[in-house]
1. Hey, could you check the range 90-110 for residues that are closer than 18 Å to D40 by Cα and touching a residue at least 12 places away in the same chain (Cβ under 8 Å) and say which is farthest from the chain's Cα centre (by Cα)?
2. Can we say K115 is basic (K, R) and at pLDDT below 85?
3. Only one of these is out of contact with any strand residue (DSSP E or B) (no Cβ under 7 Å at 6 or more places or on another chain), at pLDDT 80 or above and of a type in the set (D, E): D40, D132, D102. Name it.
Amino acid sequence: MSFITYLSLQVLLMSAFVFGAESSESEEISAEDMKILLCDEKNAEVSKIIVGCFDEMSLPEYASIITQCYAGLNGEINGQLMRDWYCAHSMDEIMKADECSDEMVIAEKGEEFLKEIAELLGECVESKLSNDKKRK
């Protein structure tokens, strides 16, 4: 699983609002489910929140990993480019890119780093989903 996918999946796993589950940490979401959440029109609000939260994270040091692993991306890391890339590629391409970036990030920073960043991103999504629900 790639750095981008890992972060995005963790965001969704940590957010009980998205899944309506009591313990979202025990749930698993596939890359295919992630693609549906990001790309399916009926999930536009959730997708917009994920993209916004991802943009709030500043991770420019991983641009080279993105360039190496995600064909067609120029190395920028932002939510809209991530979303567009996932929506434009097949599951096979996504899985290959995910494996590539996962290996590279773990080698550079370790799995604990991914978990810490995912928690921050998850808190952002949960907060924005919660605020969205309060407004409705």
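1. Initial filter on the range 90-110 (closer than 18 Å to D40 by Cα): 90-91, 94.
In the following step, the residues that additionally are touching a residue at least 12 places away in the same chain (Cβ under 8 Å) were identified as 91, 94.
Details: M91: 15, I94: 12 Å.
For the range 90-110, the residue satisfying everything is M91.
2. yes
3. The conditions single out D40.
The values are calculated or read from the model by the stated rules, or taken from the named source; none is laboratory data. Keep in mind that this is a model prediction, so the values were computed, not measured. Heads up, the Cβs are rebuilt from the backbone with ideal geometry, glycines too, and the neighbour counts pull from every protein chain shown.
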